[in-house]
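Only one structure is covered here, and it is reproduced in the block below.
The values are calculated or read from the model by the stated rules, or taken from the named source; none is laboratory data. What you are looking at is a predicted structure, and each value in this text was computed from that prediction instead of being measured. Reconstructed Cβ throughout: ideal geometry from the backbone, glycine too, with neighbour counts over all protein chains shown. In case anyone asks, the SASA skips ligands and DNA or RNA and just uses the protein heavy atoms, side chains included. Shrake-Rupley method; radii C 1.70, N 1.55, O 1.52, S 1.80 Å.
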Amino acid sequence: FTQNADDTETICNVGTIGHVDHGKTTLTAAITKVLSSENDDSKYVSYGEIDKAPEEKARGITINIAHVGYRTKARRYAHTDCPGHSDFVKNMISGASQMDGAILVVAATDGTMPQTREHLLLAKQVGIKEIVVFVNKADIADMEMLELVEIETRELLTDIGFDGINSPVVYGSALRALQGDMSDFGVPSVRKLLDVVDSYITTPTRDYKSPFILPIDNAFTVPGRGTVVVGTLKQGTLKKNANANLLGFDEEIPTTIGDIQIFKQSVLEAKAGENVGVLIRGIKISRVQTGMLLCAANSLSVSNHYAAQIYLLTKREGGRKKPMQASGYIQPLYSSTWHITCRVDLKLPDGTELLMPGEHAEARLTLMRKMPFLEGQAFTIRENKCTVITGIVTKQLG
Ligand code: GDP
Ligand code: MG
């Protein structure tokens, strides 16, 4: 298979997740090795190269993260492997590399472990829908162990809200595959894994069907015509004369869509991904603020309360030296083009009252003003202009 990758081809973003030492990096190396023998667009990346992952700075925090690219018969992949558990947590919470689906590695010798659960929980919260399971270390486990681990993993998946019944599970040995072993648990197991990843994990396409969302970057007045807002359509199809709501800063203002312009040309509709200028009828410019959002009527609402996952930066990352109290923390929250004072209350395990720098937690955010805040939307919280928290919205509350 030698066809050159063309630039318009969609890339599927995947990553290896799972408990430390279960074989994520070995599997990543094995995948590149197997594919490098099949096509010229995949290069073998050794275990050592992946494991000494370069440091990346995403939204103020330091993450060690390896990005590996390869191609199967179906499509191209960008694959993320994080060396440490905390790198994984930071990657997920900062949205540094958004995965379309994940390969969960579970060592048959251990079964599911605390980090297996934690990674799955985070994956679920940031919106990953499809998980493929590789039950690893089959070379040193017997069939009964493999089957038990499969059952246990399916239960865990279901428990967390994934499709534990239909998620594909493959048994194999990443190490054997990396060594070029051609017996069942060697290379063929990785080949089989790649086939199920190809077929089970779907790449998201631009969403033209859902109600439209237009985050507002800018607004101005056209004399004699009215208020025009400018932004890039995040989802859906915007049509002239559609009913809409302008949301943000405690407001939910009904309006209708007037003229729509793309590159200064009037059009009847615009689709997700397009940068548009939109005339909104009957709304004075003084009511529009950057950070507001225009959406299809009654499709979204504003709220003061959101659930989130947050990560407290360490001193080395420019964050706090002091731990954070479970409740009553109040500082400005920044997201896209707006910022608002926010109170953060943490959901900590029983008996814990503090979150230490370098740790993450589930949080309840209370914004001083009602805002639209989308699931998966990232934010930071700053003290004296220094980022101390990075987070991601998981749910709108009340
Ligand atoms: P990670 O922390 O999940 O990235 O795990 P690694 O890929 O670093 O693997 C941890 C250890 O398990 C290493 O010593 C690997 O050689 C070993 N290992 C990985 N896969 C297998 C396997 O299929 N069989 C055996 N026996 N050992 C494996
Ligand atoms: Mg590793």
Kindly list, by first and then second residue, each pair from a residue in region 32-45 that is acidic (Asp, Glu) to a residue that is in a loop (DSSP other than H, G, I, E, B) and surrounded by fewer than 21 Cβ atoms within 10 Å (Cβ to Cβ), limited to pairs with Cβ atoms under 6 Å and residues at least 6 apart or on different chains.
-> 40/2; 41/5
Please identify the pairs in which a residue from region 78-102 that is free of Cβ contacts under 8 Å to residues at least 24 places away in the same chain and within 12 Å of ligand 1 (Cβ to nearest atom) has its Cβ atom under 8 Å from the Cβ atom of a residue that is open to solvent by less than 20 Å² (accessible area, probe 1.4 Å) and in a helix (DSSP H, G or I), counting only partners at least 6 apart or on another chain.
-> none
Being touching an Asp or Glu at 6+ places or on another chain (Cβ under 8 Å) and under 20 Å from residue 112 (Cα atoms) is the filter; apply it to region 173-184 and report the residue that is least open to solvent (accessible area, probe 1.4 Å).
-> 173
Of (1) under 21 Å from residue 298 (Cβ atoms); (2) in contact (Cβ under 8 Å) with a residue 24 or more places away in the chain, residue 273 fails just (1)
Quick one: residue 138 ticks every box in (1) open to solvent by 10 Å² or more (accessible area, probe 1.4 Å); (2) within 15 Å of ligand 1 (Cβ to nearest atom); (3) over 21 Å from the mean Cα position of the chain (by Cα) bar one, so which box is it?
-> (1)
Filter result (touching a residue at least 24 places away in the same chain (Cβ under 8 Å) and part of a strand (DSSP E or B)) within region 309-338 = 309, 310, 311, 312, 324, 325, 331, 332, 333, 334, 335, 338
All but one of (1) in contact (Cβ under 8 Å) with a residue 24 or more places away in the chain; (2) part of a strand (DSSP E or B) hold for residue 301, so report the exception by its number.
-> (2)
Within the set of pairs 6+ apart or on separate chains, which have a first residue in region 193-204 that is over 12 Å from residue 169 (Cα atoms), a second that is of a type in the set (S, T, N, Q) and open to solvent by 40 Å² or more (accessible area, probe 1.4 Å), and C-beta atoms under 7 Å apart?
-> 203/10
Could you tell me which numbered condition residue 370 fails, if it satisfies all but one of (1) under 20 Å from residue 126 (Cβ atoms); (2) touching an Asp or Glu at 6+ places or on another chain (Cβ under 8 Å)?
-> (1)
Hey, residue 130 within 14 Å of ligand 1 (Cβ to nearest atom) and closer than 25 Å to residue 363 by Cα or not | no
Enumerated strands (runs of 3 or more DSSP E) restricted to region 220-279, each holding at least 2 residues that are touching a Phe, Trp or Tyr at 6+ places or on another chain (Cβ under 9 Å) and small (Gly, Ala, Ser) = 243-248
Counting only residues in region 8-49 that are open to solvent by 40 Å² or more (accessible area, probe 1.4 Å) and hydrophobic (A, V, I, L, M, F, W, C), the one farthest from ligand 2 (Cβ to nearest atom) is identified as 11
Identify, from the list 102, 141, 96, 108, the residue that is closer than 30 Å to residue 335 by Cα and modelled with pLDDT of 95 or more.
-> 102
In this structure, is residue 78 assigned to a loop (DSSP other than H, G, I, E, B) and open to solvent by 20 Å² or more (accessible area, probe 1.4 Å)?
-> no
Residue that is surrounded by the fewest Cβ atoms within 10 Å (Cβ to Cβ) [pool: residues in region 113-135 that are in a helix (DSSP H, G or I) and charged (D, E, K, R)] | 117
